[in-house]
Amino acid sequence: MSVAVASSPVSGATQYEPLRVMVVDDSVVIRGLISRWIEAEPDLTVVASLRTGLDAVNQLERVRPDVAVLDIEMPELDGIAALPQLLAKKRDLIIIMASTLTRRNAEISLKALSLGAADYIPKPETTREQSAADIFRHDLLQKIRSLGARARRRASPGSVAAPAPVREIAPAPHATPAAQLVKRAFSHVSPRVLLIGSSTGGPQALMSLVATIGPVIDRFPVLITQHMPPTFTTILAEHLSRAAKRPVHEGVDGELIKSGQIYLAPGGRHMKVGRQGANPVITLEDGPPVNFCKPAVDPLFATATEFWQNATLAVVLTGMGSDGMRGGKDIVAAGGSVIAQDEATSVVWGMPGAAANAGICAAILPLDQIGPKLVRLFSGDRT
């Protein structure tokens with residue numbers, strides 16, 4: 001057994017102390033790599049580096065981490081079996097599942113989200129390729145920081161336990177209070193297409209949303225970009241299809257965009273909107289990441305306006321970063337409309353917060369109000 005545990009935490013922790021991270025992976029190479037990345041950050045620290053899920057369960061109460069990076073495939077007790085045991089011992093523990101890009105692991109990762117994991121991160125097939133390692137490192141550190149906010153707020157003296165949704169560790173500079181955010185009027189024309197962008201917390205939010213917008217899907221095309229790698233998007237499309245009770249599939253380069261269909265950007269490709277005569281078509285691009293993401297939301301939003309112009313309606317759901325904000329500006333410039341998920345129901349209010357603070361949103365709504373609002377807008381309501 002290979003176990004490395006830091007000294008016991010000092011009581012009276014403050015919000016300025018580094019986030020405490022537990023790394024659990026049976027690969028000594030991956031454990032060492034992730035631990036070195038974390039220790040290089042002044043606001044993060046590794047409190048335990050463990051080989052199995054059983055080690056994690058046994059050491060949890062002693063090392064008291066804020067965040068656990070939990071591998072799926074491990075001896076003795078794998079990640080999906082350790083997950084509920086860890087949360088039973090520490091219900092506010094932020095757990096990020098880590099797995100290789102296989103169909104089985106994609107299924108398990110999505111199942112883990114329904115069991116209480118905060119997020120997942122795909123491990124690159126090899127860390128020897130510098131670009132893959134850099135993206136993995138960037139994504140992992142960003143997820144740890146953003147999702148670790150919940151544990152940090154609860155640990156702060158005098159804080160009140162927050163509900164399940166999580167916010168960024170710190171608000172964007174000069175962020176405007178929600179009540180004072182500028183909202184624009186909706187487009188004066190009825191929308192003819194629905195675009196949706198999401199990231200962290202997106203799979204759960206998407207499944208909830210598509211289940212409520214059947215009348216929209218039946219009459220208009222719906223295009224979705226969720227930050228996800230290949231294989232994971234294939235599984236997500238299957239889950240969304242069951243939730244929507246309507247066809248959902250990964251976009252195919254050159255296919256016509258039709259009503260009654262939901263098109264999901266395939267992992268590893270940017271999904272855009274092109275033109276074939278008088279018809280809109282899916283175009284897939286294998287270009288560099290945008291906003292560190294591939295697929296990214298901005299390319300979809302920006303190109304859709306070239307076809308639907310002021311009849312474009314976009315929704316920015318929970319997610320880290322600001323992807324969707326620039327594309328949202330293009331939509332608004334063309335006369336279309338943008339709706340953002342509100343902070344209280346977002347797992348991370350990064351993407352929707354960026355859109356809201358940019359002043360491009362016609363509405364900022366709780367997740368359960370977005371579906372009914374969309375049905376009304378696509379039925380002709382302009383308010």
Being assigned by TED's automatic domain parsing to the domain that holds ALA354, over 16 Å from the mean Cα position of the chain (by Cα), surrounded by fewer than 24 Cβ atoms within 10 Å (Cβ to Cβ) and closer than 18 Å to ALA355 by Cβ is true for just one of THR212, THR303, THR283. Which residue is that? THR303
When segment 213-230 is checked residue by residue, the ones that are at pLDDT 95 or above and either over 14 Å from THR312 (Cα atoms) or touching an Asp or Glu at 6+ places or on another chain (Cβ under 9 Å) (or both) are ILE213, GLY214, PRO215, ILE217, ASP218, ARG219, THR225, GLN226, HIS227
Here are LEU115, LEU87, LEU83: which of them is outside the structural domain of PRO266 (by TED's automatic domain parsing), modelled with pLDDT of 95 or more and touching a helix residue (DSSP H, G or I) at 6+ places or on another chain (Cβ under 8 Å)? LEU83
Pair list, Cβ under 7 Å, 6 or more apart: segment 359-383 residue assigned by TED's automatic domain parsing to the domain that holds GLY328 and in a loop (DSSP other than H, G, I, E, B), other residue of a type in the set (S, T, N, Q) and crowded, with 18+ Cβ neighbours inside 10 Å: ALA362/SER337; PRO366/THR345
Of the numbered conditions (1) buried (at least 18 other Cβ atoms within 10 Å of the Cβ); (2) at pLDDT 95 or above, ASN291 fails exactly one; give the number of that condition. (2)
Sole residue being within 21 Å of THR200 (Cβ to Cβ) and in contact with a helix residue (DSSP H, G or I) (Cβ under 6 Å, 6 or more places away or on another chain), chosen from PRO266, PRO289, PRO280, PRO295: PRO266
Considering only segment 85-116, state which residues are within 15 Å of LEU236 (Cβ to Cβ), among the aliphatic types (A, V, I, L, M) and either in a helix (DSSP H, G or I) or free of Cβ contacts under 8 Å to residues at least 40 places away in the same chain (or both). MET97, ALA106, ILE108, LEU110, ALA112, LEU113
Given (1) assigned to a helix (DSSP H, G or I); (2) touching a His at 6+ places or on another chain (Cβ under 7 Å), GLY287 misses just (1)
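The values are calculated or read from the model by the stated rules, or taken from the named source; none is laboratory data. Remember, predicted model here, so these are calculated numbers, not experimental data. Here Cβ is always computed from backbone atoms with ideal geometry, including for glycine, and neighbour counts include all displayed protein chains.
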